[in-house]
Amino acid sequence: MFKLNRRSFMLSTAALAATSGIAGRAVAQSDASGTIRILMNGGDADLANTNNAIARFNKKFPNVQVSVDMDPISTGWGDYVTKVLGEFASNSQHDIYGTAIETFQTFASRNIMEPIDDFVAKNPNYSDFAPALFEDCKYKGKTYFVPTSWNNIMIHYNRDHFDKAGIAYPKTGWTWEEFREIAKKLTIKDSSGTVTQWGYEVPNQNFFIQPWLFSNGTGALNDDWTASNMLDPRVAESLQFLHDIIHVDGSAPIPGTDTMDNQYLAGQVSMINRGHWVIPNIRNAKLNSDVAIPPTKVNDYTVVGFGAIGIAKGAQNMDAVQAMVAELTGPEAEADVAKSGSSVPGSKAAAELPEYLAFPPSAPLFYQTLPHTKAVPSPANFQEVEKIFIRYYTAIMADEMSIPDACKQADAELNDSFARLKASLS
Amino acid sequence: MPRRRALLSERDLLQTMTDTAAPRSELRSQQARAGYLFIFPAMVLYLTFVLAPVIVTVVLSFAYYDPQLGSHWVGFDNFKRFFTDPRSVQIFWNTLRFTAMAVTGNVSVGLLLALALNRAMPGWLLYFFRLAFFLPVIIAAAFVAIVWGYFFQDAGIFNYYLAHLGLPTVRWLTSAQNAMPSIVFMDVWKNTGFFMIIFIAALQGVPRNIMEAAIMDGTSPWRRFWRITLPWISPVVFFAIVYASIGALQVYESIWILTKGGPGDATRSMSINIVEQAFGSFQIGYGASVAVVMTVVILIITGVQLLLSRRLVRY
């Protein structure tokens, strides 16, 4: 576990002070002119953060016009990848892309992003970032992205529901079985047998499901994301556990196409698997909510996914583009992320800001669990892999397919997909 | 015979013009050029937006296509993959099942509504019913599907009332058995108003004198429908069936929003499969081959319907 000691606190503070000082000094304006096009993703908060970074950039580069387009990622990263690849195919690409780990290998393997090792090495701000994040930004030894913010999946729980049921709040190291018993106790039915409060939402998205595999020491793919691991009995065990929460205990509904964020905010679900991005909504709903590390089977590992910035291959005005990326990933931008609460900031110093730590009560857990996370498996055929896994997963959770059959068929399909990927990359 | 006289005089006029203004062949070629110029814009649009995409799709179906990683010909590999993939049978069957149920539901309910509204009633009431049944047609399918999604959820409105009535709840969308009928139910609610309108128009064309003669002869309403009304409107019914079939075979958005093709592959249609393969998994060549197969299937089904129409439709 990462713990903040005096030494790391002093170093972080010094780094923040140093970078703030750099930003605060009068900076000579550049004569460079031209345009920079940025494609970012997310909602209003992300657009506001980007516009703040552009305003700072334009103080140094007044003659460079910057335009920003936003993609809400409303239909997942697959469509975003299709959009970006389409831009490159039609030679209408942006200069800078905001993206996420799910797309890294897809973009890097197609050689459409600029390697930025030198740029990263020269930028002192990045020493404040968790090295593990930069490791996941590499493809075949080269760095292609700068991490900006990240999300690890935690259990968000309604403290009022726990209090009402007389259940102690979850502690680090709680087990699968303890979790299951708590979910049962938190499920409430009315006189007609209709469930009015679900103990847990069995997740319906690939990213949210991963902690149940990782904490059992397994995963749907092998460790280097080159083949299926669906025949590992521990995968079946994890899936059986989730299946039983629905069909044996009746503590969770069958996952549908929509997530149950609104039901959690309305107090109709007691526990959900989510990242930090739900915190602003929970705070606005004034829900008495906190977070816990996902329960343990053989370890307490959870999943991490993160956003990042990359530079398009062949981008013009490279000095200005790099300066723009520096702003988008600099201390002010990181502080904006921390204050908005939409993610955990990549910078450690930003993750220690009071605004960030104000809510939920166990907010420091997000950063502290980082050493106990594994990146969401994101091979170059991620979009296909995710669809295959989710298709069989939903069939299992709907009790429409036996777990051994589903694992076997998913394994065959995943390996076919990897064979096709290998052929296309070669 | 004034009409015949007029035609002759036109011909005479044309002959005179031809003799005096220019040789006959030159005039014809001028007329041909003018004709081509008139159809040129439409042809450009047709070639660009219809024929070219069709040709590109057929070409892509024989290729592995990736603008960044490189493309190459793969012969019939994409088609071989489709016809040997066990999922293809399920997806193909889903599409046919949806088509059969949705076409039957849309056309029959539309016809029943049209028959119910094709009778004497106060004008305002008639317009009220027509508007009420037609309204879902003009609402975006994406929006309709989201609302129906809330109805169909396991903890949704339908199950809420079933539970309060002491009835067992139903897994409308999370059961492979119920998901497709639920989607069809929504599809019929959404689209049957369109067919109702065209059937009302057709019913108003049924000759009143024949119907009155049948009533005076004491023919029962059931017999009048089968012997007079249905044969008279059969070309419109045939059009409705073909139109509904082509739309149903390409069903995408209502399924995508309600179930995303699940659970598992239980409701995945061929259109969804094409989009997922081509634009979700970047298997553009494979997606194109599924699109070609789907086009052939639509052509075959429409062809069969045309053949059957020769026997069943009375023009």
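Residue by residue, here is whether (1) within 14 Å of chain A (Cβ to nearest Cβ); (2) within 30 Å of B:ASN94 (Cα to Cα) holds:
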| site | (1), (2) |
| --- | --- |
| B:PHE158 | yes, yes |
| B:GLY166 | yes, no |
| B:ASN191 | no, yes |
| B:ARG208 | no, no |
| B:ARG227 | no, no |
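Against the conditions (1) part of a helix (DSSP H, G or I); (2) modelled with pLDDT of 95 or more, A:VAL68 satisfies every one except (1). Among the residues making up segment A:412-426, those that are in a helix (DSSP H, G or I) and over 25 Å from the mean Cα position of the chain (by Cα) are A:ALA412, A:GLU413, A:ASN415, A:ASP416, A:ALA419, A:ARG420, A:LYS422, A:ALA423, A:SER424, A:LEU425. Return yes when A:TYR392 is of a type outside the set (S, T, N, Q) and within 14 Å of another protein chain (Cβ to nearest Cβ) and no when it is not. It is true that A:TYR392 is of a type outside the set (S, T, N, Q) and within 14 Å of another protein chain (Cβ to nearest Cβ).
Using the structure shown, decide if A:SER109 is free of Cβ contacts under 8 Å to residues at least 40 places away in the same chain, within 14 Å of another protein chain (Cβ to nearest Cβ) and not charged (D, E, K, R). Spell out the reasoning first.
Values: free of Cβ contacts under 8 Å to residues at least 40 places away in the same chain: no; within 14 Å of another protein chain (Cβ to nearest Cβ): yes; not charged (D, E, K, R): yes.
Against the criterion (free of Cβ contacts under 8 Å to residues at least 40 places away in the same chain, within 14 Å of another protein chain (Cβ to nearest Cβ) and not charged (D, E, K, R)), A:SER109 does not qualify.
Can you confirm whether segment B:143-150 contains a residue that is under 19 Å from the mean Cα position of the chain (by Cα) and in a helix (DSSP H, G or I)? Steps first, answer last, please.
Kept after step one, since they are under 19 Å from the mean Cα position of the chain (by Cα), are these residues of segment B:143-150: B:144-145.
Keeping just the survivors that are in a helix (DSSP H, G or I) gives B:144-145.
Yes, that holds for at least one residue.
For segment A:127-147, how many residues are assigned to a helix (DSSP H, G or I) and free of Cβ contacts under 8 Å to residues at least 40 places away in the same chain? Walk me through it before giving the result.
Just the residues of segment A:127-147 that are assigned to a helix (DSSP H, G or I), to begin with: A:127-128, A:131-135.
Restricting the remaining residues to those that are free of Cβ contacts under 8 Å to residues at least 40 places away in the same chain gives A:131, A:134-135.
So the count comes out to 3.
Suppose we keep only residues that are of a type in the set (A, V, I, L, M) and surrounded by fewer than 23 Cβ atoms within 10 Å (Cβ to Cβ) within segment A:195-229. Which one would you say is nearest to the chain's Cα centre (by Cα)? Even if it seems obvious, please write down each step before you answer.
Here is the first cut: in segment A:195-229, the ones of a type in the set (A, V, I, L, M) are A:195, A:202, A:209, A:213, A:220-221, A:227.
When the remaining residues are screened for being surrounded by fewer than 23 Cβ atoms within 10 Å (Cβ to Cβ), the result is A:195, A:221, A:227.
Working: A:VAL195: 31, A:LEU221: 18, A:ALA227: 22 Å.
Restricting to residues being of a type in the set (A, V, I, L, M) and surrounded by fewer than 23 Cβ atoms within 10 Å (Cβ to Cβ), the top hit is A:LEU221.
Looking only at residues in segment B:180-198 that are farther than 24 Å from A:THR394 by Cβ and among the hydrophobic types (A, V, I, L, M, F, W, C), the one that is surrounded by the most Cβ atoms within 10 Å (Cβ to Cβ) is B:PHE195.
Residues in segment A:370-387 that are more than 15 Å from A:GLN210 (Cβ to Cβ) and either over 19 Å from the mean Cα position of the chain (by Cα) or of a type in the set (Lys, Arg) (or both): A:LYS387 only.
Here the condition is being away from chain A (no Cβ under 14 Å) and surrounded by 22 or more Cβ atoms within 10 Å (Cβ to Cβ); of B:VAL290, B:VAL304, it holds for B:VAL290 alone. For segment A:56-86, residues that are aliphatic (A, V, I, L, M) and out of contact with any helix residue (DSSP H, G or I) (no Cβ under 9 Å at 6 or more places or on another chain) total 0.
The one condition from (1) among the acidic types (Asp, Glu); (2) farther than 30 Å from A:PRO360 by Cα; (3) within 14 Å of another protein chain (Cβ to nearest Cβ) that A:GLU102 does not meet is (2). Scanning segment B:173-193 for residues that are under 24 Å from A:GLU400 (Cβ atoms) and either among the hydrophobic types (A, V, I, L, M, F, W, C) or within 17 Å of the chain's Cα centre (by Cα) (or both) turns up B:LEU173, B:ALA176, B:ALA179, B:MET180, B:ILE183, B:VAL184, B:PHE185, B:MET186, B:ASP187.
Against the definition (at pLDDT 95 or above, surrounded by fewer than 23 Cβ atoms within 10 Å (Cβ to Cβ) and assigned by TED's automatic domain parsing to the domain that holds A:ASP44), how does A:ALA335 come out, yes or no? No; evaluated as a whole, the condition is false for this residue. Restricting A:GLY199, A:GLY217, A:GLY275 to those that are under 22 Å from A:VAL298 (Cβ atoms) and not aromatic (Phe, Trp, Tyr) reduces the list to A:GLY217.
Go through the residues of segment B:65-72 one by one and say whether even a single one is hydroxyl-bearing (Ser, Thr, Tyr), in contact with a Ser or Thr (Cβ under 6 Å, 6 or more places away or on another chain) and not in a helix (DSSP H, G or I). Taking every residue of segment B:65-72 in turn, at least one turns out to be hydroxyl-bearing (Ser, Thr, Tyr), in contact with a Ser or Thr (Cβ under 6 Å, 6 or more places away or on another chain) and not in a helix (DSSP H, G or I).
Total residues in segment A:72-99 satisfying the condition of being within 11 Å of another protein chain (Cβ to nearest Cβ), outside any helix (DSSP H, G or I) and under 17 Å from B:SER281 (Cα atoms): the figure is 2. Scanning segment B:154-172 for residues that are in contact with a Pro (Cβ under 8 Å, 6 or more places away or on another chain) and assigned to a loop (DSSP other than H, G, I, E, B), we see that the one that is nearest to A:TYR393 (Cα to Cα) is B:ASP154. One residue alone among A:ALA220, A:ALA266, A:ALA236, A:ALA292 is within 14 Å of chain B (Cβ to nearest Cβ) and of a type in the set (Gly, Ala, Ser), and that residue is A:ALA266.
Yes or no, residue by residue, for (1) charged (D, E, K, R); (2) more than 18 Å from A:PHE306 (Cα to Cα); (3) crowded, with 18+ Cβ neighbours inside 10 Å:
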site: A:SER92; (1), (2), (3): no, yes, no
site: A:TYR97; (1), (2), (3): no, no, yes
site: A:GLN105; (1), (2), (3): no, no, yes
site: A:SER109; (1), (2), (3): no, yes, yes
site: A:ILE112; (1), (2), (3): no, yes, yes
site: A:LYS122; (1), (2), (3): yes, yes, no
site: A:TYR126; (1), (2), (3): no, no, yes
site: A:PRO131; (1), (2), (3): no, no, no
site: A:GLU135; (1), (2), (3): yes, no, no
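For segment A:399-411, residues that are under 26 Å from the mean Cα position of the chain (by Cα) and at the interface with chain B (Cβ under 9 Å from one of its Cβ atoms) total 0. Select from segment A:368-386 the residues that are crowded, with 22+ Cβ neighbours inside 10 Å and in a helix (DSSP H, G or I) and write down the one among them that is modelled with the lowest pLDDT. Checked segment A:368-386; the qualifying residue modelled with the lowest pLDDT is A:GLN383.
Picking from A:ALA315, A:ALA308, which residue would you name as being assigned to a loop (DSSP other than H, G, I, E, B), in the same structural domain as A:ASN125 (by TED's automatic domain parsing) and under 19 Å from A:MET113 (Cα atoms)? Of A:ALA315, A:ALA308, the one residue that is assigned to a loop (DSSP other than H, G, I, E, B), in the same structural domain as A:ASN125 (by TED's automatic domain parsing) and under 19 Å from A:MET113 (Cα atoms) is A:ALA315.
Pick from A:PHE134, A:PHE129: which is under 26 Å from A:PRO361 (Cα atoms) and not assigned by TED's automatic domain parsing to the domain that holds A:GLY199? Talk me through it step by step, then tell me what you get.
Working: A:PHE134 fails: under 26 Å from A:PRO361 (Cα atoms).
Of the residues listed, the single one that is under 26 Å from A:PRO361 (Cα atoms) and not assigned by TED's automatic domain parsing to the domain that holds A:GLY199 is A:PHE129.
To keep it simple, each residue is scored yes or no on (1) surrounded by 15 or more Cβ atoms within 10 Å (Cβ to Cβ); (2) not charged (D, E, K, R).
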site	(1), (2)
B:ILE157	no, yes
B:THR174	yes, yes
B:ASN178	yes, yes
B:ILE200	yes, yes
B:LEU203	yes, yes
B:PRO207	no, yes
B:GLU212	no, no
B:ARG227	no, no
B:TYR243	yes, yes
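Exactly one residue among A:SER289, A:SER342, A:SER251 is at pLDDT 95 or above, of a type in the set (Ser, Thr, Tyr) and out of contact with any Gly (no Cβ under 6 Å at 6 or more places or on another chain), and that residue is A:SER289. Filtering A:PHE107, A:PHE57, A:PHE119 for residues that are part of a helix (DSSP H, G or I), more than 22 Å from A:PRO331 (Cα to Cα) and of a type outside the set (Gly, Ala, Ser) leaves a single hit, A:PHE107.
The values are calculated or read from the model by the stated rules, or taken from the named source; none is laboratory data. Computed from a predicted structure; not experimentally measured. Using ideal geometry, Cβ is built from the backbone for each residue, glycine included, and neighbour counts are taken over all protein chains shown.
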